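Student: Structure provided below as structure tokens; questions to follow.
The values are calculated or read from the model by the stated rules, or taken from the named source; none is laboratory data. These numbers come from a predicted model, not from an experiment. Glycine gets a Cβ as well: all are built from the backbone with ideal geometry, and neighbour counts include every protein chain shown.
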Amino acid sequence: MKLLSRTVVGREAAHPIRVLQFGGGNFLRAFADYLIQTLNEETAFDGGVALVKPTARGDYASLRQQGGLFHVLTQGIQNGQPVREIKRVECIQQIIHPYQNWAAYMSSATLPEVRFVLSNTTEAGITFREEPMPTGAPAKEFPGKLTQWLFHRFQHFEGAEDKGLIFLPCELIEQNGQELKHCILKYARHWNLGEPFESWIVTHNIFCNTLVDRIVPGAPADAAEIWAETGWEDRELVTAEPYLLWAIEAAEQVKRELPFDQTRQNVVFTDDLDRFRTLKVRLLNGAHTAMVPIGLTNGVQTVREFVEHPQWGAWLTDLLQKEIAPTLPFGIQETKNYIVAILDRFRNPYIHHKLSDIALNSTSKFRVRLLPTAIAYHQKMNTLPEHIAQSLAALILLYKGDIAGLPRDSEETVNFFEACWALETPDFIVNKVLSNKGLWGEDIRFLSASVHQYLRSMQD
């Protein structure tokens, strides 16, 4: 079996470089590159990708050897039906390592067709570092490297209006586009790059806030079987669930330049990204956070096990439909459809999502994902959200530390719960935990009665 490569496959670089992409991990390849490949296949987009290594470590050696080619195996459940697809992605035309070839990185700034910048540099990637502007070498942080690239482009094209770019950051932070813009302007001022450059950034570049959603677990365990099916040894093969959402807060111009409306992909252009974020955080992320302590304290190990459990699966459905959904300011059908999609995703037999992997920093996740629902439910219904209260009780029990490797949280939080459990009585523990404004941002003892009841029953 031959190794997948452009030479052997006969797919020499054909698309002009229109996309500069920072990051080549599993997610961006199975999400953004998958979508660009779809645009190339189904529309007149005709866009190639220049993939930039954002960190010094590693070299994308395997992907480089394959000439940027790889397959995405999509499999799972969608609308209650099994889905399976293998797509070869061919849009990555160039792989650039700024730390090893600074000249190639700077040269890419002079490509006239480049129009889009994609990134996924983790939540910590969009940040400013006070440092002198390096000469002939990359800045430490991603926005710094990008500022260097943009300044070179600005100079090369003499500030041409039509050489501005559309930025589509995929980092999972609020207002990611505006945060990236803020960092770039901060670097520009810190490095004294001049008012004309700053004005060009503000006037002729578009920074879109985005929200991305797709579970990408990585390479499949049965990779050799997929190789046999495709006829190629693909060391960069990546799997993904069928569900995909890219919500982009942008003007009509961006929608015209990215013709996803000519495809069947779930890419949504909106002027209200908050509604998508609220749906995802409250329902999808809220469900994950709620099931973690319940599952782990009851011997359930994975998301799929939880959903398919005769007791806890029904519990989860009730949580979504009866406690979270009524607090959301969206249409009944929209919310219902989203819940159906979530449960399909959780049932995916090809994804083994361990609850212990989701358990990191559970207190802060509860505060963001479930507490707003609990407060809204209490105010609207004048009663307590029993499923959320039960999950919180299980969370308190989980932080007792009886399960190996858990809890996984800050030292301060772990020590606090350890001190609480030294009190021994559930009454005192619940009161101490729920009154801790440092954990929850406010006193949440309105939940005390139910949380105490559930915690006592869990200990009996």
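Student: Looking only at the range 272-285, decide whether some residue is in a loop (DSSP other than H, G, I, E, B) and of a type outside the set (Lys, Arg).
Tutor: The answer is yes, given that some residue of the range 272-285 is in a loop (DSSP other than H, G, I, E, B) and of a type outside the set (Lys, Arg).
Student: To continue, here is another question. If residue 291 meets every condition in (1) assigned by TED's automatic domain parsing to the domain that holds residue 440; (2) closer than 22 Å to residue 209 by Cβ; (3) aliphatic (A, V, I, L, M) apart from one, which number is that one?
Tutor: It is condition (2) that residue 291 fails.
Student: Given the structure, is residue 235 among the basic types (Lys, Arg), in contact with a Ser or Thr (Cβ under 6 Å, 6 or more places away or on another chain) and at pLDDT 95 or above?
Tutor: Yes: the conditions hold for residue 235.
Student: I need the full set of residues from the range 397-410 which are within 18 Å of residue 367 (Cβ to Cβ) and free of Cβ contacts under 8 Å to residues at least 60 places away in the same chain, in order please.
Tutor: 399, 407, 408, 409, 410, listed by residue number.
Student: So, in the range 266-288, exactly how many residues are without any contact (Cβ under 8 Å) to a residue 60 or more places away in the chain and surrounded by 18 or more Cβ atoms within 10 Å (Cβ to Cβ)?
Tutor: 4
Student: Scanning the range 233-262 for residues that are among the aliphatic types (A, V, I, L, M) and assigned to a loop (DSSP other than H, G, I, E, B), which turns out farthest from residue 164 (Cα to Cα)?
Tutor: Top of the filtered list is 237.
Student: Show me the strands (runs of 3 or more DSSP E) found entirely inside the range 1-115 where at least 3 residues are modelled with pLDDT under 95 and assigned by TED's automatic domain parsing to the domain that holds residue 259.
Tutor: So the answer is 70-78, 81-89.
Student: Consider residue 450 carefully, then state whether it is in a helix (DSSP H, G or I), buried (at least 19 other Cβ atoms within 10 Å of the Cβ) and touching an Asp or Glu at 6+ places or on another chain (Cβ under 8 Å).
Tutor: In short, yes.
Student: Please enumerate the residues belonging to the range 233-260 that are among the small types (Gly, Ala, Ser) and surrounded by 14 or more Cβ atoms within 10 Å (Cβ to Cβ).
Tutor: If the condition is that a residue be among the small types (Gly, Ala, Ser) and surrounded by 14 or more Cβ atoms within 10 Å (Cβ to Cβ), then 240, 247, 250 are the ones that fit.
Student: Looking at residue 265 and the list (1) part of a loop (DSSP other than H, G, I, E, B); (2) over 23 Å from the mean Cα position of the chain (by Cα), which single condition is not satisfied?
Tutor: Among (1) part of a loop (DSSP other than H, G, I, E, B); (2) over 23 Å from the mean Cα position of the chain (by Cα), residue 265 violates only (2).
Student: Of these, 437, 432, which one is in the same structural domain as residue 296 (by TED's automatic domain parsing), among the basic types (Lys, Arg) and loosely packed, with under 14 Cβ neighbours inside 10 Å?
Tutor: 437
Student: How many of the residues making up the range 269-282 are closer than 18 Å to residue 333 by Cβ and under 16 Å from the mean Cα position of the chain (by Cα)?
Tutor: 5
Student: Applying the selection to the range 320-332, what residues are farther than 15 Å from residue 277 by Cβ and at pLDDT below 95?
Tutor: 331, 332
Student: Let me ask something else. Hey, residue 245 hits all of (1) touching a residue at least 60 places away in the same chain (Cβ under 8 Å); (2) in the same structural domain as residue 64 (by TED's automatic domain parsing) but one; which does it fall short on?
Tutor: Only one criterion in (1) touching a residue at least 60 places away in the same chain (Cβ under 8 Å); (2) in the same structural domain as residue 64 (by TED's automatic domain parsing) is unmet by residue 245, namely (1).
Student: Residue 162 fails exactly one of the following numbered conditions: (1) of a type outside the set (A, V, I, L, M, F, W, C); (2) over 24 Å from the mean Cα position of the chain (by Cα); (3) within 30 Å of residue 222 (Cβ to Cβ). What is the number of that condition?
Tutor: (3)
Student: Additional query: For the structure I just gave you, tell me whether residue 121 is touching a residue at least 60 places away in the same chain (Cβ under 8 Å) and assigned to a loop (DSSP other than H, G, I, E, B).
Tutor: yes
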